[in-house]
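The structure under discussion appears below in the form of structure tokens.
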Amino acid sequence: MAAVELDGIVRRFGDTTAVAEVSLATERNDFLVLLGPSGCGKTTLLRMIAGLLEPTEGRILVDGRDVTALPPRERDLAMVFQNYALYPHLSVERNLGFGLSVRRTGKEELRRRVDDVADLLDLGPLLRRRPKELSGGQRQRVALGRAMVREPEAFLMDEPLSNLDAKLRASTRTRLISLHRRLDTTFVYVTHDQIDAMTMATKVAVLDQGRIEQFGTPVDIYDRPATAFVAGFMGAPPMNLLPAELGTGPDSRLVLRAAGLELSLPHRGDPGVPDVLLGIRPEHLVPAADGELRGRVDIVENLGSEEVAEVLVGDARVSVRGPRPLELTPGAAATFTVRAEHIHLFGRQSGRRLTWEPAPAPALVS
Ligand code: ATP
């Protein structure tokens, strides 16, 4: 049975459609990340799951139970916000136990659950402090702990790491991954940060303008983006997308042509859609003397173990990423090769991924 299921959810604010027909289902124990650019409807969706906002249309089910009409406190979900929302006048210990004491949980039970959570999140030595005596990362852990003591059906998190610096963000991610493994509970997590999605999620829903562009595992979404939007959103730098023409070459193989590029693909068939977007990830372009892609190097950036170069190809700017040194000189001509399995094609009008059957191996003559 799905842990959290959204069935045809729509939310309008006057003339604005913030969420347009979203349907998806998570399994128990999924770490679902709602990912997308600012304004795509992530927070609106999460607030509807939490019960803080009513959908205009559609149903929300938690463990098979229709909760659409239930108030937040009857949904057995715990929400962790970006801005912690801790009680400033209470100690860490009382912040952690607050939700249980208002529910009149017995003293011993409360003590046990607060101690368990403090242990799990390394908050033991901080129990007597007030929130203002804590670092940002410690406050975030208390906010998480406060949600955890309730032992909810699912955790709902809205950009909980966005106030943390890069190092703390990375270590808190690791902590969230191990918590998720131990708790056997559904997490629903809103972010615009694709690294959060790649590192923590078991499922990702990529949203744009209130619609799901793709729903799948992080690997699916990175390796087989369903649309040009998803391809251009994931990756740092994101996938290169170049306008190209698809035609037929000798022995009816497909041939791809763009400024500075001619590529014969190991596929046969009717191109159908001649105007395409050619997608290549920066790490799949490899400097090679006789490569198919010709351009002029503009900038080379040193990232430590890797380099990222920007190369001008016709009117387009293409990113190349690889181990340092890439041996590329700004201002010089350079050529790159790409393997056929690393080529992604999207309809230029529709933005949808295009696929063809690989050309059959030549028949053996006996
Ligand atoms: P961000 O990453 O910037 O928080 P988001 O993806 O969470 O963005 P939402 O906050 O869900 O986006 O907003 C989705 C759309 O709905 C936006 O166009 C927003 O302006 C609109 N919207 C959200 N809340 C309201 C509201 N209360 N009244 C009117 N419009 C709203």
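Averaging over all projection directions, the Cα-based convex hull of the range 156-233 occupies 5.5 nm² in the image plane. Angle of helix 92-102 to the longest C-alpha principal axis of the chain, folded into 0 to 90 degrees and rounded to 10: 70°.
Taking the longest Cα principal axis of the chain as reference, the axis of helix 136-148 is set at about 70 degrees. Entry for the range 240-347 at q = 0.11, 0.13, 0.20, 0.24 Å⁻¹: log10 I(q)/I(0) = -0.34, -0.47, -0.99, -1.32, Debye formula applied to identical alpha-carbon scatterers, no solvent contribution. Whole angstrom only: what separates the Cα centroid of the range 206-261 from the Cα centroid of the range 262-294? Cα centroid of the range 206-261 versus Cα centroid of the range 262-294: 11 Å apart. Summing charges over all other residues whose Cβ lies under 9 Å from the Cβ of Ile60, with Lys and Arg as +1 and Asp and Glu as -1, gives -1.
For the range 105-114, the Karplus equation 6.51 cos²θ - 1.76 cosθ + 1.60, evaluated at θ = phi - 60°, returns couplings of 6, x, 4, 5, 4, 4, 4, 4, 5, 5 Hz by residue, with Gly and Pro reported as x. Along the charge dipole of the range 268-316, pointing to its positive end and built from +1/-1 on Cβ of Lys, Arg, Asp and Glu, which listed residue (Ile299, Pro287, Gly269) has its Cα farthest out? So the residue furthest toward the plus end is Gly269. Within the straight-line cut-off of under 22 Å between alpha carbons, the lysines reachable from Lys203 are Lys42, sequence neighbours fewer than 8 places apart in one chain being disregarded. Annotation: per residue accessible area for the range 63-169 equals 53 Å², rounded to a whole number [probe 1.4 Å, protein chains only]. The C-alpha atoms of the chain occupy a region whose extents along the principal axes are 79, 53, 45 Å, arranged from largest to smallest. Here the peptides 323-331, 243-251 are ranked by packing, the mean other Cβ count within 10 Å, and the order with the highest first is 243-251, 323-331. Taking Arg321, Arg129, Arg294 as the candidate residues, the one with maximal mean-square fluctuation in a Gaussian network model of the chain, Cα springs under 10 Å, is Arg129. The calculated FRET efficiency for the pair Arg352 and Asp298, based on their C-beta separation and a Förster distance of 30 Å, comes to about 0.45.
The values are calculated or read from the model by the stated rules, or taken from the named source; none is laboratory data. Everything numeric here is computed off the predicted structure, so don't read it as measured data. Quick reminder, even Gly has a Cβ in these numbers, built from the backbone with ideal geometry, and neighbours come from all protein chains shown. Surface areas here come from the heavy atoms of the whole protein model, side chains and all, with no ligands, DNA or RNA. Shrake-Rupley method; radii C 1.70, N 1.55, O 1.52, S 1.80 Å.
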